[in-house]
Every structure is written in C-alpha cells, then in structure tokens.
Amino acid sequence: MAPDQPRPVSILLDCDPGHDDAVAILLALGSPQVRLLGISTCFGNCAVEDATRNAQRVLALAGRADVPVAVGAAGPLVGDVALGNYVHGVSGLDGPPLPEPAADPVAEDAVAFLRHRLLEAAEPVTLVVTGPMTNAGRLLRDHPEVADRIAEVVFMGGSTERGNHTPTAEFNTYADPEALDVVLRSGVQVRMVGLNLTHQALATPEVVERMRAIPTGIGRTCAAWMGFFGDSYHRLWEFDSPPVHDPCTIAALVDPEVIEWREAFVAVELDGTWTRGTTVVDLHRRYPDQPVNAQVAVRLDADRYWDLVIDALHRLGDAP
Ligand code: BDR
Ligand code: CA
C-alpha cells in the first residue's frame, strides 16, 4: 500500500459459504484496503460443517490457508434451523470442483475466537456478517464487554422492501431474528446491506464473461459459481441474472463511495403469523420516538462494484 493510502480496515468475517459468501471471501483477500483477520462460520446456506469446509476450500483455492477459520453455530438462538441448500446446492457451494481444505479449523468455537481476536487487536475491528446473525448475537449477549472493541457490524440481511426466503423476510434475518435483535439493541454501530441493495448487484452475462476472462482458476471458478447460483435464482425467483449479495458488505469497506446510505431505525419482527424475521426499516421516521440505530444501504454503483470485484480476483493468483 502506498504511503498516502489509508490504513487497511481490519475485519473478521462471519459467514455461511454459499456462492456469494465465497466471492465475499475472495474480494476481502484480493483487496489491499481490507485485512482479513479470520473467518467464523455459521449454519445458513448449508449445515455449519459444510459452511466451514466450504470456507476452507475457498481459502485453499486462493492459497490462503493461513487465515484462521473457527466453527460457529449449528442453529439459531431460538426456534428451528432454516437452511439454504435449496439455493446453494447439496454442499452449500455446488458447482466446479474445489481443492480440499489445507488446514484444520482452530480449536476455539466462533464466539471464543471472535472474542479473543477482538480483545487482542490494537484497535477496534469491523465485524462483517454475511450469514445468520447467531455468532454475533451470542457474542454480544454473553460478552457485552467486547462491544467497544467492535468498530461496527456490517451485515448482509433484511430488506427495506420484500423478502426472499418468505415473501417479507430475507433469509439471513429469517434464520435468526433473535440474534439480530441482540445486535440492533447492543449500541454497536450497525450498517445493514439488505436485498433492496444487493438486488442491484447482478452478475450479468457481461460480468460473468469478465470473470471467465481472468487467466486463473479463481476467475473460471467464480464464473462457474455464477452459473449454478444463476440457475437457482432463475428457477426460484425468475431472475435473469443472480444478485451477488454478500460481497457488497466488503465492497463498502474497500470503497466508501460504492454504496449510498440512509440512517434509520431498524427493527426485526420476532413474532408475526407470516412475518417473523422481517426487517422493519423506518426510512421516513414514522416511529419518531425510536432511535436511529443503523445506516441502511440504499443505492449501489454497480459498475464500480463489479470493477472492485474483478480487480480483486485479478490480484489473487492461483494456489501454489
Ligand atoms: C443471503 O442468503 C444467502 O442465500 C446468501 O448467501 C446471502 O447471504 C441472501 O438472502
Ligand atoms: Ca451468506
């Protein structure tokens, strides 16, 4: 990094890979503006064992098995486990063959791992969450003393508009609303990247072609992932191109100009006959007595976003 560049943002990435989580990992690894201190995993797109293996295989693909991986929650704080294999396939990351993990997960579970990494860091660390909020919710519920060690929580989840897993609830917020509720009430600075934003991050045929043209296995793998993910989105939601949700969180840290934000009171529905897990985003101050507790992503510069992703993939060489 050139001397006049700002210091990289240190992050911990809590995820459930997942095709778009996998691209988020690669974007973090390939962006000098971000320093990935570790990965924790959660149930979500698949069982947590598969999410952990998928994270390790993506790290092996990038030749970065040195990044520590901690195994997290197998289910939510309350209620039944919801899984997204219907979108991401049997493994949670179906598609092209991937290398086997090149390292074991760390001995600590995700909550202990996140806590230790936050406490030992010289400065507050950004916690990026691209799966259900379970690990972060448990961390802040059981160890509230770490709150001031978290620079902010940037999460993919919820929506200002409609849902995907149910008509009103996005998958990650549906999968563990109680955990999100803990985080939203914690006093930690929160940025929400919901479906209203990520549906602007479409991997169009032109984007996929740019991935395929990268002269590494990583580029071809990402292009193939988009094929599997795109087929799911076409079958389930009639999209022509798949929205690549999770890397939007990392992109916001790489380039502060790529997303436009609005501040709002955000709550998550914990009950409701049909609406459990739905985010309520008060963009127009209809609840004036409620505090603003989040920055909400509203507009993506999609060209800039894809340039960031493609540039990062170019920077990553193939694993030795
Ligand atoms: C979210 O759910 C998962 O399918 C994706 O990985 C993303 O985090 C989108 O609703
Ligand atoms: Ca995810």
Relative contact order, percent, of the chain when contacts are C-alpha pairs under 8 Å separated by at least 6 residues?
-> 20
How would you classify the chain from its alpha-carbon gyration tensor, with a ≥ b ≥ c the square roots of the eigenvalues: rounded for a/c under 1.5, else prolate if a/b is greater than b/c, otherwise oblate?
-> rounded
Extension reserve of the TRP237-ASP301 stretch, reckoned as 0.36 nm per residue once the Cα distance is removed = 20.7 nm
Under a 1.4 angstrom probe, counting protein chains only, how are TRP237, TRP274 ranked by accessible area, largest first?
-> TRP274, TRP237
For region 233-245, in order, what is each residue's ³J(HN,Hα) by Karplus, 6.51 cos²θ - 1.76 cosθ + 1.60 with θ = phi - 60°, in whole Hz (x at glycine and Pro)?
-> 5, 6, 5, 8, 10, 6, 6, 6, 9, x, x, 9, 5
Which whole-Hz couplings ³J(HN,Hα) result when phi for each residue of region 87-96 is put into the Karplus expression 6.51 cos²θ - 1.76 cosθ + 1.60, θ = phi - 60°, listed in order with x for Gly and Pro?
-> 9, 9, x, 4, 7, x, 8, 6, x, x
What residues have an amide H closer than 5 Å to that of VAL34, excluding those fewer than 5 places away on the same chain, when H is modeled at 1.01 Å from N in the peptide plane?
-> VAL9
Taking 0.36 nm per residue of separation and subtracting the Cα-Cα distance, what length does fully extending GLU145 through ALA112 add?
-> 10.6 nm
If amide H atoms are built 1.01 Å from N in the plane of the peptide, which residues on other chains or at least 5 residues away come under 5 Å of the amide H of VAL129?
-> ASP14, VAL154, PHE155, MET156
Given springs between every Cα pair under 10 Å in a Gaussian network model of the chain, which of ASP80, ASP231, ASP282 has the largest fluctuation?
-> ASP80
GLU178 accessible area, 1.4 Å probe, all protein chains in place, Å² to nearest 10 | 40
Whole-Hz Karplus couplings 3J(HN,Hα) for region 262-276, θ = phi - 60° and coefficients 6.51, -1.76, 1.60, Gly and Pro as x, run 10, 8, 7, 7, 10, 10, 10, 6, 9, 10, x, 4, 10, 10, 3
State the percentage of accessible surface on the chain attributable to carbon and sulfur atoms; use a 1.4 Å probe and exclude ligands, DNA and RNA.
-> 50
Just the accessible area for ARG57, please: 1.4 Å probe, Å², rounded to the nearest 10?
-> 30
For region 10-315: accessible area per residue (Å², 1.4 Å) | 39
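The values are calculated or read from the model by the stated rules, or taken from the named source; none is laboratory data. The shown structure was predicted, so the numbers you read here are calculated from the model rather than taken from an experiment. Ligands, DNA and RNA are stripped out before the accessible areas are found, and what is left, the full protein with its side chains, is counted by its heavy atoms. Shrake-Rupley method; radii C 1.70, N 1.55, O 1.52, S 1.80 Å.
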